[in-house]
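Each remark here refers to the structure printed beneath this line.
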Amino acid sequence: MSSKREFFKAFFTSRKVTGSVVPSSRFLTKKMLETVDFKSARCIIELGPGTGVFTREILDQMSNECHLFVFELNEIFVNNLNESITDDRVHIILDSAEHMDYHLHKNGFQEVDYIISSLPLTTIPLEIREAILSASYNSLKKGGEFIQFQYSLHQKKNLRKLFKQVDVSYTPLNFPPAFIYRCIK
């Protein structure tokens, strides 16, 4: 099944966990990953990979010593990722991101360098959204980055409550155009 068709189907069957009708553009991918130091990173988390647009780019750039934990709630996306990605450095997990600490500790990791998130924060129920953001903050090492894209600025205030620094950039070369939040612990 094509990525666009998968995304379109997922959007209409599970809108609360799928934030777009099409996968992210290469422009958004580049903007999201531009500050990631792939040479020094030892552990990266990706939230809401969908069809794996960011996942594949992260795997292409990260070192052999780095591990990537990918959290996805859509079973179709998880099955497709498991079929198409055969890399020992990646852990594809069918679970909510609020449980990331459990999965990290189970695999011998205490903290992560980066969290790359495509979660549609605005549509996630408040209690779950707060649990995910709290787990993200707690899992990051000091100076680590939580990188999130959204289609609005509605989450800026919430992210500023947690992170000492929140920078926002914008890319019009995506459909729809997107804001990128770079949050530093």
For this session: Please specify each residue of the stretch 50-91 satisfying the condition of being touching a residue at least 40 places away in the same chain (Cβ under 8 Å), closer than 24 Å to S40 by Cβ and of a type in the set (V, I, T).
Result: V53, I58
Exercise. When the stretch 116-172 is examined, which residues are found to be open to solvent by less than 50 Å² (accessible area, probe 1.4 Å) and of a type in the set (A, V, I, L, M)?
Worked result: I116, L119, L121, I124, A131, I132, L133, A135, L140, I147, L159, V166
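Matching residues to (1) open to solvent by 20 Å² or more (accessible area, probe 1.4 Å); (2) at pLDDT 95 or above; (3) hydroxyl-bearing (S, T, Y):
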site	(1), (2), (3)
R5	yes, no, no
S14	yes, no, yes
F27	yes, no, no
C43	no, yes, no
Q61	yes, yes, no
N82	yes, yes, no
R89	yes, yes, no
H105	yes, yes, no
Seminar exercise, completed: Looking across the stretch 66-80 at residues that are open to solvent by less than 70 Å² (accessible area, probe 1.4 Å) and touching a strand residue (DSSP E or B) at 6+ places or on another chain (Cβ under 7 Å), the single one that is farthest from A97 (Cα to Cα) is C66
Seminar exercise, completed: In the stretch 155-179, anything more than 18 Å from the chain's Cα centre (by Cα) and under 14 Å from R129 (Cα atoms) is listed as K157, K161
Exercise. Among the residues of the stretch 66-97, which ones are touching a Ser or Thr at 6+ places or on another chain (Cβ under 9 Å), under 14 Å from R56 (Cβ atoms) and β-branched (V, I, T)?
Worked result: V70, I85, V90, I92
Seminar exercise, completed: Checked K185, K157, K164 against criteria (on the phi < 0 side of the Ramachandran plot and in contact with a strand residue (DSSP E or B) (Cβ under 6 Å, 6 or more places away or on another chain)); the one match is K185
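The values are calculated or read from the model by the stated rules, or taken from the named source; none is laboratory data. Treat the numbers as computed from the prediction; the structure is a model and nothing was measured. In this analysis, Cβ positions are derived from the backbone assuming ideal geometry, glycine residues included, and neighbour counts consider all displayed protein chains. When the accessible area is computed, the model is the full protein with side chains, heavy atoms only, and any ligands, DNA or RNA have been set aside. Shrake-Rupley method; radii C 1.70, N 1.55, O 1.52, S 1.80 Å.
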